[in-house]
1. Considering only residues that are within 14 Å of the ligand (Cβ to nearest atom) and either within 21 Å of Ile245 (Cβ to Cβ) or part of a helix (DSSP H, G or I) (or both), which ones fall in segment 132-155?
2. Consider segment 105-131. How many of its residues are within 11 Å of the ligand (Cβ to nearest atom), in contact with a Ser or Thr (Cβ under 8 Å, 6 or more places away or on another chain) and charged (D, E, K, R)?
3. Criterion first (over 15 Å from Phe211 (Cα atoms), surrounded by 15 or more Cβ atoms within 10 Å (Cβ to Cβ) and more than 9 Å from the ligand (Cβ to nearest atom)) does Leu80 satisfy it?
4. What about Ala172, is it within 16 Å of the ligand (Cβ to nearest atom), of a type outside the set (Lys, Arg) and assigned by TED's automatic domain parsing to the domain that holds Val188?
5. So is Ala64 in a strand (DSSP E or B) and surrounded by 15 or more Cβ atoms within 10 Å (Cβ to Cβ) or not?
6. Restricting attention to segment 86-104, which residues are within 15 Å of the ligand (Cβ to nearest atom) and surrounded by fewer than 21 Cβ atoms within 10 Å (Cβ to Cβ)?
7. Within segment 295-307, how many residues turn out to be part of a helix (DSSP H, G or I) and under 13 Å from Asp106 (Cβ atoms)?
8. Right, Pro28: surrounded by 24 or more Cβ atoms within 10 Å (Cβ to Cβ), assigned to a loop (DSSP other than H, G, I, E, B) and more than 13 Å from the ligand (Cβ to nearest atom) or not?
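The values are calculated or read from the model by the stated rules, or taken from the named source; none is laboratory data. Everything numeric in this text was worked out from a predicted model, so none of it was measured. Note that we place each Cβ from the backbone using ideal geometry, even for glycine, and neighbour counts take in every protein chain shown.
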Amino acid sequence: MGEGHISVLAREVCDALEASLPRVGETPHGVYVDATCGAGGHIAAVLERFSPARVIAFDRDETALERARTRLCDAATPILFVHAPFSALGPTLEAEGVQADGILADLGVSSMQLDQGARGFSFRADAPLDMRMDQSRSKTAANLLEELDLPSLIRILREYGEEPDAPRIARAILDARPKTTGALAQTVADAMSHKQRRKLGLRIHPATRTFQAIRIHLNDELGELDTLLTDGPASLSVGGRLAIITFHSLEDRRVKQRFRKLSRPADTLPGLPIPESERQAPYSLPKPFAKGVTAAPDETDHNPRARSARLRVLERVA
Ligand SMILES: C[S@@+](CC[C@H](N)C(=O)[O-])C[C@H]1O[C@@H](n2cnc3c(N)ncnc32)[C@H](O)[C@@H]1O
């Protein structure tokens, strides 16, 4: 992503799309959809290797889309930039009258968003507690913490942060109702038990899980993913592929389970003579991505973000 963001698993994403898009130099055809355009790093990699007839790029962060527009202004392939969450992918492709030959979703926040202290995603800089991926939305993380009650905040920290100290941290947050990233980080650090702090060690900041949980809830990241897991496969052409890069187990579990379910042959009732062709699942898990792939050492060595990334791929076969 131009400054700061290095696209994760770009080589593997292109390998995954190899079967569904024509190579550069061949007659352009097919539609590549980037559900999480960011500043366009994966799109640039795809256009170096393939010749889709068009690209449709979603992001709910207008600043990121602006960077992508600038970066990709010389692209020979027409690109439609859509400022919308990827839950709008299904209806948007339908309105455009197209099916996708390749879809990529590279989930979460970009390094660019984390590094811009004023966006309020990180405890590394003290700034207003914002955390909105889409800045045209009105509710910030500070607003959220003003309105939450204790049981709801405990649930959010447990479900989206897998935080063992959720009750004591939630109580401290609601006592302080912090308005800045620094105040939230300090409140969490002060509230965390010695046992949990020891477990985290010096490498992981005590507020890491809390920041992740509040961000996921505020931006409805798992709700968005669930919609993509329904509409994405349905928007593929036959032979088209959906590739998803996840960064934590909450996301990866959902992708794995949904892809497995879609690629399983239909259940049959014992004794009913259903022909093999009708039992075949409409989707498959293509090799070598069937169990998900992770980044090779040559990538993780220069991009620490890649260490937690996992790519899964689904193909529409019927
Ligand atoms: C990891 S970055 C993508 C980087 C991009 N693949 C690249 O190589 O430059 C994730 C991007 O997805 C966007 N995003 C996250 N969730 C989204 C959603 N539900 N709908 C649309 N965009 C989303 C974020 O705003 C961010 O810009």
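1. Just the residues of segment 132-155 that are within 14 Å of the ligand (Cβ to nearest atom), to begin with: 132-137.
Within segment 132-155, Met133, Asp134 qualify.
2. The total comes to 1.
3. no
4. Against the criterion (within 16 Å of the ligand (Cβ to nearest atom), of a type outside the set (Lys, Arg) and assigned by TED's automatic domain parsing to the domain that holds Val188), Ala172 does not qualify.
5. So Ala64 does not fit the description; no.
6. Listed by number, the residues that qualify are Ser87, Ala88, Gly90, Pro91, Thr92.
7. Residues of segment 295-307 part of a helix (DSSP H, G or I): 297-300, 304-307.
Narrowing the set further to residues that are under 13 Å from Asp106 (Cβ atoms) leaves 305-306.
So the count comes out to 2.
8. Here the answer is no, as Pro28 does not meet what is asked.
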